Amino acid sequence: MALYPKLILEALSQVRYPGTGKSLIEMNMVDEDIRIEGTKVSLTLIFDKPNDPFIKSVVKAAEATIESYVGEPVDIKGNITVQAKQAPRPQEDKLLPQVKNIIAVSSGKGGVGKSTVSANLAVALAKLGYKVGLLDADVFGPSMPKMFGIEDARPYIESVDGRDLIIPVESHGVKILSVGFFVDPKNATIWRGSMAGNALKQLIGDAHWGELDYFLIDLPPGTSDIHLTVIQTLAVTGAVVVSTPQEVALADARKGIDMFVNEKVNIPVLGLVENMAWFTPAELPENKYYLFGKEGTKRLAEEMNVPLLAQIPIVQSICEGGDNGAPVVLNEDSITGQAFMNLAEEVVKNTELRNQNMPKTERVQVTKK
């Protein structure tokens with residue numbers, strides 16, 4: 001007789017749970033993922049509690065019933081795993097109830113330093129005294145583990161209010177989660193859009209973020225399924241769009257702005273960040289060399305009627321800081337450190353202005369630690 005999942009389910013419908021007298025199927029105790037390889041059958045039984053007193057007896061009864069019902073040799077003993085039932089994930093409109101402001105950091109194209117801006121903005125906000133979380137939503141090119149020097153970190157699971165939740169890694173005062181913690185950094189992440197979206201939803205809804213004043217989301221470059229997942233899953237407070245001054249980057253930045261302000265999305269753009277605004281040699285701090293054009297993002301901000309939050313210069317230390325896991329904003333005395341601290345202050349100011357323009361019932365009040 002060929003083995004197939006329906007046959008196994010028919011067998012398990014004969015097994016009764018001692019506490020109620022109902023079958024395992026009636027009580028939805030059988031996980032739908034039944035695996036069959038030749039004569040080997042593997043499945044998972046779901047119990048309400050991890051210390052259920054009937055676990056052993058139910059597993060033995062399930063093994064014996066499957067062997068008897070199939071009527072032919074079947075490898076089932078030792079292949080039934082047990083799992084405790086989790087409390088359901090909150091509905092999407094109730095996700096992150098303890099987070100006051102959700103800020104999406106976006107860019108129209110890659111290579112403009114969006115992740116560098118995200119990392120330094122997060123640390124700068126923490127240095128200002130705010131409780132900060134950072135989600136690396138760049139599923140196919142996660143860089144936060146490298147930028148924070150936590151590549152070897154492995155988030156653990158903790159039971160919180162009946163749910164097994166991922167505990168974010170903390171670095172420089174920021175709670176961080178990234179797909180990079182769960183995949184081999186040497187291998188490409190080859191996922192369909194739905195897989196990437198589901199992974200992102202887990203990092204949002206199945207993690208213990210706790211109370212946060214600012215939750216930053218480092219989005220992938222461009223516009224993609226990931227952006228739609230974030231927009232549809234969370235009530236985003238506002239977006240910060242990063243660009244460099246040259247025209248090819250500005251053309252894509254316009255599209256990024258349009259994605260947020262589009263009437264179907266309607267997320268306010270808190271402002272633009274001009275990254276790589278100019279090059280300043282360490283030995284000549286007063287000199288500015290406009291390698292990618294001068295003030296292109298500033299002109300775009302004026303054209304699109306959105307604030308210019310900051311102009312971030314290029315210096316060698318910003319690259320070294322990202323590679324060494326020490327965001328450059330940790331050195332507030334540096335040119336770029338000061339620029340990122342100013343950026344954080346502008347983000348706070350524009351977020352508060354945005355909240356003041358919201359209906360009173362939707363306003364949030366951010367307080368420092």
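In the stretch 17-35, the residues that are free of Cβ contacts under 8 Å to residues at least 24 places away in the same chain form Cβ pairs under 7 Å with partners that are surrounded by fewer than 12 Cβ atoms within 10 Å (Cβ to Cβ) and polar (S, T, N, Q), at six or more places apart or across chains, as follows: 27/20. Here the condition is being over 22 Å from residue 243 (Cα atoms) and among the hydrophobic types (A, V, I, L, M, F, W, C); of 59, 139, 123, 117, it holds for 59 alone. Out of the residues in the stretch 353-362 meeting the condition of being over 24 Å from the mean Cα position of the chain (by Cα) and either assigned to a loop (DSSP other than H, G, I, E, B) or at pLDDT 85 or above (or both), tell me which one is nearest to residue 105 (Cα to Cα). Ranking the candidates gives 353 first.
Name the residue, out of 101, 28, that is in contact with a strand residue (DSSP E or B) (Cβ under 8 Å, 6 or more places away or on another chain), exposed (fewer than 15 other Cβ atoms within 10 Å of the Cβ) and modelled with pLDDT of 90 or more. Quick ask: steps written out before the conclusion?
On the way: 101 fails: exposed (fewer than 15 other Cβ atoms within 10 Å of the Cβ).
28 is the lone residue from the list that is in contact with a strand residue (DSSP E or B) (Cβ under 8 Å, 6 or more places away or on another chain), exposed (fewer than 15 other Cβ atoms within 10 Å of the Cβ) and modelled with pLDDT of 90 or more.
Residues considered: 132, 112, 82, 123. Of these, the only one that is at pLDDT below 90 and in contact with a helix residue (DSSP H, G or I) (Cβ under 6 Å, 6 or more places away or on another chain) is 82.
Reported count of residues in the stretch 290-334, each being assigned to a helix (DSSP H, G or I), of a type in the set (A, V, I, L, M, F, W, C), farther than 19 Å from residue 120 by Cα and modelled with pLDDT of 90 or more, is 2.
Among the residues of the stretch 170-191, write down those that are hydroxyl-bearing (Ser, Thr, Tyr) and at pLDDT 85 or above. Break it down into steps so the answer makes sense when it comes.
Keep residues of the stretch 170-191 that are hydroxyl-bearing (Ser, Thr, Tyr), which gives 171, 178, 189.
Answer for the stretch 170-191, where residues must be hydroxyl-bearing (Ser, Thr, Tyr) and at pLDDT 85 or above: 171, 178.
Condition first: of a type in the set (Val, Ile, Thr), closer than 11 Å to residue 80 by Cβ and touching a helix residue (DSSP H, G or I) at 6+ places or on another chain (Cβ under 9 Å). Now tell me which residues in the stretch 16-55 satisfy that.
Initially, the stretch 16-55 is screened for residues of a type in the set (Val, Ile, Thr), giving 20, 25, 30, 34, 36, 39, 41, 44, 46, 55.
Of the ones still in play, those that are also closer than 11 Å to residue 80 by Cβ are 30, 34, 41, 44, 55.
Hits for the stretch 16-55 are 30, 34, 41.
Among the residues making up the stretch 113-165, a single one is of a type in the set (S, T, N, Q) and without any contact (Cβ under 8 Å) to a residue 12 or more places away in the chain: 159.
The values are calculated or read from the model by the stated rules, or taken from the named source; none is laboratory data. Bear in mind the structure is a predicted one, so any value in this text is a computation, not a measurement. Cβ coordinates were reconstructed from backbone atoms using ideal geometry, including for glycine residues, and neighbour counts include every protein chain displayed.
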